[in-house]
Every structure is written in C-alpha cells, then in structure tokens.
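The values are calculated or read from the model by the stated rules, or taken from the named source; none is laboratory data. Note that the coordinates shown come from a computational prediction; the quantities given were computed from them, not determined experimentally. Keep in mind that these areas ignore ligands, DNA and RNA; they rest on the heavy atoms of the full protein, side chains included. Shrake-Rupley method; radii C 1.70, N 1.55, O 1.52, S 1.80 Å.
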Amino acid sequence: MNLQGLIVCRNLLDEEIFTGAADEFEIGARLIERAENLGLSGNLYRSYLIYLLAHEPNLISTTIEIHGGLIGDDLREIFTHDIEILLPILRGEFKSDLKILNNYKPTVANKIFSGLLECLETIATAQGIADVFIERYKKFGYGDIATYRAFRWDGKLIGVKHFETIRLDDLIGYAHQKELLTGNTTAFVNGKPANNVLLVGARGTGKSSSVKALVNEFYSSGLRLLQITKPQLKFLPEIMEALRKFMSKRFIIFMDDISFDESETEYKYLKSAIEGGVESRPENVLIYATSNRRHLIRETWRDRNDEQEEIYRDDSTNETISLSDRFGLIIHYYSPTQAEYLEIIRSMLRKRGIELDGETLRLEGLRWEMSHSGRNGRTAQQFVNYYLGQR
C-alpha cells in the first residue's frame, strides 16, 4: 500500500500495518489483537482503517470541533483526495494471504462501530465516504468524545466506560421538575440561551439520576457530561479551556451533592466560572449541581451572632447566598407523598413483570419505609431489590 500521497491523514503512516514495515505474520497478530480489543469484524484492514479515521484525531476532525461543525471547501476537497488514495482498503479490495484476516469474527463485536461499517458498505465513491466521516465528526466528534457519554477529570478528559443507562421515563413522578430540566437542556443543545442549574431537595429524590438521564436522552444531539469533585474546582479554568476545543459538542459540568463550609474557599472558583471571571465561560458549557441545601455555603447561628468579628453583616450575608444566586434555574425536588412513594414501588415492580395487590403493596412498602431512611425513590428502589431477592 502506497500511502505517501496522503495529506491530512498522514498519521496513518505511523501504522506499520499499512506501511509494510512488519512481516505478514506480525501484521496479522497485531490486527487480530486490535480486532479483539476493539470488537472489529470483517476485513480487518478495512475495519481497522475505518476505526482509525473515526477515532484518531486528524486535521478534519479537529477543525470541525474547534469551529463548531464548520469545514472549508478546500479542506473538504483535500480530505476527499486522501479518501481516494485509501479507497481500495475502504472498499475491502485489499486482501491478505492470511485468509482469516479477510473475514474475521471477534469474540464480542462492537455494535456501534458495526453500524458505521454497514453504512460505508453502501457507498462506493471517495466523495460519499468523505461526507459520511465529516457528518460523523459533526454529530459525534472523534476519539473518546465520540465513544463515551460521560467523563471524569484527571488532568484530561477520561471516558467513563460503564455509565448508567437510566432514562427520564425511569424516574417516577416529578413531571414538572423534569419538564424544566429538559426544556433548559433542549435550549442548550440547540445553541439557544440556557441557564446553569441547581437541583435542590431531599436525599434520594432523583436529583442526580435526572442529570445522568439527560445525557442518555441528548447524547445523539451532542450532549456530554463531565463530573468533577469539590477539590477539582480549582482546575475549572483548565477544564474550561479543554472543553473549548470541542465546540461542536455541549458539555454539562456536573457536581453532585455539593455544599461548602465558610472556611472552604473552593466555592470562589465556582462563582468565578459561572459568572464574573475575566475569561468568559465557553458557550458550549453549562454547570449543573445537586445539593440538599438551598444555600450552598453553610452558615450557623454562631456566625450570625458573631457581630464583633463582622462589622458589615449585610456583606457577609450576600457572600453566603451569592453562589446559589448564580444558578439561573433552581429546581426543587420534594419528598414524595405516601401515595407517590407506593406508586414508585409499583412502577418499578411492573417493569420486572410483578404486580402486587394494593393492600400487600401498602403494608410491605410502608413497613420498609419505617425501618429505613425515609420516604423517597432510593428507599423504594432498595425495597424492590429486597423483594426481588427474596422471590
């Protein structure tokens, strides 16, 4: 394979599989290893090349991200030129003497990637294939951004492999809260003005689950989630700069169960990131946080009585409530009524094909509630787990 004519995809020249720098058996061993690790199937030369084009960064994919989905006509033409060179491999015309490489079946196939392979099988021209990849870059991005829905921060974005599959329909009740949340998020992914969100309420009411469900609902619209911890707030400028490189995507920076003591200063980083910093927050980033407290900065009666220490009491009060005020949308999650609590249990059991009569449900559900941490969705889920485990 002579790939020296590549222009924007020259990173492929670093792959010995395509340059012939290794012998056939060494290439075969590497391809099979990658097929098993990545779930590649069929002609492995073709599958691995498509994987590299979809996953590894190149000038096309990075340009589309930086400029929010835009690509110049000349750059598109150069990309088509490269695809023309790669066309024999992309059509599956390049065969190996090791026949197993020409139609390999991995132990576990990558279903998402298989969809891309099937799509490209129906397209024969370089222009058509180039357009497929460009549209994929616009919709899903490249690399881990295209692969994962949620991330954590460790000096860089780290994909969460086993993200919860929860959907909004799985959360029983709270219709008004979900309407507010989805409305704000819909505006955000559509590039319209939207607010940072604070979800406040009793424990176990589904605040965190609601945010996670949003990512599953809006993933195909370009929404991703980045969860950070309170100690990581000091890295927010660095995090914002990293997310600014993916302008065709929308990111929710998520902080779960957050509150601060007055002695903790991390909240100042959060205030600055939301509103008031020298550098503006990227337009593709919003901050969603959950808390059991309406006012995120803890204040005691001792603080209020300590007038000798604080001369300007109003200034101190404004400082403690100003963080919450920076969230444009505050959604309250209340503990369910007894009827709502029992309905949550009923719905969870129905999804498992179990229907309890009303009296048994009431007696068993309320008995469980009284011996546990109160009436909420978490307690209902724990009861359902117990009930199913005893069957």
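Summary table below
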read-out	value
Per residue, in Å², the accessible surface of the chain once ligands and nucleic acids are set aside, probe 1.4 Å	52 Å²
Equivalent ellipsoid semi-axes - Cα gyration tensor, the stretch 1-154, angstrom	24, 19, 15
Compactness relative to 2.2 N^0.38 Å, alpha carbon Rg of the stretch 1-88	1.18
Over the stretch 78-197: Kirkwood hydrodynamic radius from C-alpha pairwise inverse distances, Å	18.6 Å
Alpha-carbon Rg/Rh ratio, for the stretch 139-249, with Rh computed the Kirkwood way	0.95
Probe 1.4 Å - accessible area at Ser221, Å² to nearest ten	60 Å²
Built amide H within the under 5 Å cut-off of Leu223, gap 5+	Arg250
Potential extension, Lys111-Glu135 segment - 0.36 nm per residue separation minus Cα distance	6.7 nm
Heavy-atom accessible surface of the chain: percent carbon and sulfur, 1.4 Å	48 percent
The stretch 70-124: Rg to Rh, with Rh as the Kirkwood radius over Cα pairs	1.07
Antiparallel bridge percentage (DSSP; both residues within the chain; nearest 5)	15 percent
